[in-house]
Ligand SMILES: [Cu+2]
């Protein structure tokens, strides 16, 4: 027979595990894990894509990336696409970039329908 203290400890562990599972569900929204180019990076005019890896699979129809120059003009060549072989990766092809500062704005809709957004800059020298 289990000692009352042992039983109590098992119950606490079980409750803790449930709380953790709940927290993970709540955190199912997609957040970036890797940005290319990285935030704040200085790159050359050879930079012709922006690639963002997320920690959760994306809903391609509702997820997007836009890249604008210092004047606010979009420099994407076509609509951003989620990699067919990797649902956590979204990328966009860019026009040939001139020197200057660029802003990347992303919208990620995870498979659970939750939407996250963010933006960052990089510089072309
Ligand atoms: Cu979510």
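Side notes on the structure shown:
- Here region 29-124 is treated as a sphere whose radius is the Kirkwood value from Cα pairs; by Stokes-Einstein at 10 °C and 1.306 mPa s it diffuses with a coefficient of 120 µm²/s.
- Gain on full stretching of the segment that runs from residue 116 to residue 62 - 0.36 nm per residue minus C-alpha separation: 18.3 nm
- Fewest-first sequence of 78, 59 by Cβ atoms within 10 Å of each Cβ: 78, 59
- Computed label-point distance, nm, for sites residue 31 and residue 49 using a 7 Å Cα→Cβ extension: 2.6 nm
- Translational diffusion of region 51-98, µm² s⁻¹ [Kirkwood Rh, Cα pairs; Stokes-Einstein; 37 °C; 0.692 mPa s]: 288 µm²/s
- Residues 121, 64 in ascending order of nearby Cβ atoms (within 10 Å, fewest first): 121, 64.
Where a number appears in this text, it was derived from the coordinates with a stated rule and is not lab data. All of these numbers come straight from a predicted model, not from anything done at the bench. When we count neighbours, we look across all protein chains shown, and the Cβ atoms used for this are built from the backbone with ideal geometry, even at glycine.
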